[in-house]
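First the structure, in the form of C-alpha cells, and then the observations on it.
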Amino acid sequence: MTAQPENSRTGTPTAPLNIPAIRDEFPILQREINGKPLVYLDNAASAQKPEFVIESVAGVYRSYYANVHRGLHTLANESTEAFELARDDVRRFINAARTEEIVFTRGSTEAINLLAHSFGQGLKAGDEIIISRMEHHSNIVPWRILADAKGLTLRWADVNAAGELDYPQLADMVNGDTKLIAISHMSNVLGTINHAERIMEIARSAGVPVLFDGSQSAVHIPVDMQALGCDFFVFTGHKLYGPSGIGVLYARGDWLDRLPPFMGGGEMIADVYEDRLTFADPPHKFEAGTPPIADAIGLGAAIRWLERHDRAAVMEHERALMDRAVTGMAAIEGVRMIGTAQDKGAIISFAMEGAHPHDIAQILDKYGIAVRAGHHCAQPLMRHMGVSATARASFAIYNTIEEADAFVDALKKARDFLI
Ligand SMILES: Cc1ncc(COP(=O)(O)O)c(C=O)c1O
C-alpha cells in the first residue's frame, strides 16, 4: 500500500539515536520565529510531526481514502485494512493482548469521558472514585460531572512538595466503597512519573480497577498492558508525534463486553429495529459514527516511527536535556522549580519571582523559543503547589543540548528585562 513505505510493520530499531538526522525528518524545525531558529519546547502540549506521519496522513487522502468498515469496493477495503492495521500498531505499542481491547477515540479527553459515562452507569450514590491532586482537568472534570450526577464521592490522593504521589495515603484511602482509581501515569505539569506498579499493588489488594492517564507517559516511557495489568489506559495521538483528533482507550479483558456503549450511531450497532437494537462487538460498540480514519492511520505511522528508535536511548537523551536546563536554571536568581520528583520525565515547570509566566513565555518567543505558560489544565494542582500559573518547558526526541542552553540564556535575558 502506498502509504506504508517502510519495510517492516514493527519498525524495530535499526540504528543508534542520530538527533541531527531525526531533526531533518521534522519539516517544521526548519522554521524561524522572530528571525531566530525555532526552539520548540512545548512538547507536553503537543509534539511536532515527522515527514513519515505527515506523508502517511496525506497518503490516505491521496491514494486510498474511503469510509471504513461498510464498503465493498477496493478503496473501502484498503482504508479499512489500514485503519485496522493501525489498531494493531496500538496494540503492539502498549502490548495489549488483543486488538479488541483497543478503542479509537478523538483523544484522551474523549477516552476518559467514554469511561466516565459507561463505567459510571454501574455506580450508585455513596460509591467513591479516587483521583489525585496532580490530574489534568481531563481526568477530573468527567469524574466530577459523574459524581455530581450520581452522588458519588471524589477523593483526592495527595501530592507532596516535590510533586510525588503519597502512596501510603492512597492506600489508606481505598475502602469497600472505592470503585475506581484514576491517576495520571505522568504529570503534565510536574513531570512526575507515578509508580504504576505500586498503584496496581494497592488497587489489586482491594480488587479495585485502575485507569492510568498515559497522555504524557506513552511517548516517553515504554508501557506494557499485560505486565502492568491495569484495567484501563488512555493516551492521545498528538503528543506522540501523531495527528491531533485521535486517541486511544485500552480496556483489559472483557471490560468492553460488560460496559454499555458511550455514543449511539452508525458503526456501533449490529441490528436496529423500530423498538430495539443490538450492539456491534467491541471495540466497534464504542466507535459510533465515522471515525477519524486518516488520523488513526497517522497514529499507527507515528507509533511505527517511534518504534524505530531505541526507547531507552530516547529517555536518556530527554533526561540529559532536562538535566542540562535544570542546572542552568539553578544559577538564575528567583527561579523556583515546581516538581522535583525523583522519577521525572522531561518536563520543567517553574515560577520566577516577580515575573508572570505569560510575560516569560512572550519574551522567550522573541528568541524563537516556544514554551507554555498558564495553569496547564491543572488548577487544583496549581493551588496545591501555591502558584496560580507556571511557565513550562518540555522536551522531545528532536531537541538538542544547544536548545536547552538557548532556553536558559533566553530565560536569563527575560529575567533581566522583567525584574
Ligand atoms: C495528563 C494529560 N491528560 C489528558 C490530556 C488531554 O489530552 P487531549 O487534549 O489530547 O484529549 C492531556 C493534554 O494536555 C494531558 O497532559
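Taking region 398-408, which residues are open to solvent by 10 Å² or more (accessible area, probe 1.4 Å) and either free of Cβ contacts under 8 Å to residues at least 12 places away in the same chain or among the small types (Gly, Ala, Ser) (or both)? Answer for region 398-408, where residues must be open to solvent by 10 Å² or more (accessible area, probe 1.4 Å) and either free of Cβ contacts under 8 Å to residues at least 12 places away in the same chain or among the small types (Gly, Ala, Ser) (or both): GLU402, ALA406.
Residue by residue through region 94-118, note down the ones that are open to solvent by less than 20 Å² (accessible area, probe 1.4 Å) and either polar (S, T, N, Q) or away from the ligand (no atom under 15 Å from the Cβ) (or both). Hits for region 94-118 are ILE94, ALA96, GLU101, ILE102, THR105, SER108, SER118.
Name the single residue that is nearest to SER184 (Cα to Cα) among those in region 233-252 being part of a helix (DSSP H, G or I) and open to solvent by 10 Å² or more (accessible area, probe 1.4 Å). Residue satisfying both the conditions and the ranking: LYS239. In region 186-205, the residues that are acidic (Asp, Glu) form no Cβ pair under 6 Å with any partner that is within 16 Å of the ligand (Cβ to nearest atom) and in a strand (DSSP E or B), whether six or more places apart or across chains. Count of region 219-239 residues, restricted to those that are more than 10 Å from the ligand (Cβ to nearest atom) and within 28 Å of ALA320 (Cβ to Cβ), is 9. When residues in region 57-72 are screened for being modelled with pLDDT under 95 and surrounded by fewer than 16 Cβ atoms within 10 Å (Cβ to Cβ), 3 of them pass. Which condition breaks for ILE199 when tested against (1) open to solvent by 20 Å² or more (accessible area, probe 1.4 Å); (2) not in a loop (DSSP other than H, G, I, E, B)? Only one criterion is unmet by ILE199, namely (1). Among the residues making up region 136-153, those that are away from the ligand (no atom under 11 Å from the Cβ) and either more than 24 Å from ALA389 (Cα to Cα) or among the small types (Gly, Ala, Ser) (or both) are ILE145, LEU146, ALA147, ASP148, ALA149, LYS150, GLY151, LEU152, THR153. Return the pair list, or none, for Cβ contacts closer than 7 Å from residues in region 351-373 that are within 13 Å of LYS413 (Cα to Cα) to residues that are among the aromatic types (Phe, Trp, Tyr), at least 6 apart or on different chains. Close Cβ pairs (under 7 Å, with a partner that is among the aromatic types (Phe, Trp, Tyr)) amount to ILE363/PHE417; ILE369/PHE407.
Let's see how each residue does on (1) of a type outside the set (D, E, K, R); (2) over 22 Å from the mean Cα position of the chain (by Cα); (3) modelled with pLDDT of 95 or more; (4) open to solvent by 10 Å² or more (accessible area, probe 1.4 Å):
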{"site": "ASP254", "(1), (2), (3), (4)": "no, yes, yes, yes"}
{"site": "GLU267", "(1), (2), (3), (4)": "no, yes, no, yes"}
{"site": "GLY298", "(1), (2), (3), (4)": "yes, no, yes, no"}
{"site": "ALA301", "(1), (2), (3), (4)": "yes, no, yes, no"}
{"site": "GLY328", "(1), (2), (3), (4)": "yes, yes, yes, yes"}
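If you go through region 66-111 and keep only what is closer than 17 Å to MET268 by Cβ, in a loop (DSSP other than H, G, I, E, B) and under 16 Å from the mean Cα position of the chain (by Cα), you end up with just ARG106.
If the condition is being assigned to a loop (DSSP other than H, G, I, E, B) and either open to solvent by less than 10 Å² (accessible area, probe 1.4 Å) or of a type in the set (Ser, Thr, Tyr) (or both), then region 374-388 contributes ALA378, SER388. Could you identify the single residue in ALA396, ALA351, ALA391 that is assigned to a strand (DSSP E or B) and within 23 Å of the chain's Cα centre (by Cα)? Only one candidate qualifies: ALA391.
The values are calculated or read from the model by the stated rules, or taken from the named source; none is laboratory data. Because the structure is predicted, anything quoted here is derived from the model rather than measured. Note that we place each Cβ from the backbone using ideal geometry, even for glycine, and neighbour counts take in every protein chain shown. These accessible areas exclude ligands, DNA and RNA; they are computed on the full protein's heavy atoms, side chains included. Shrake-Rupley method; radii C 1.70, N 1.55, O 1.52, S 1.80 Å.
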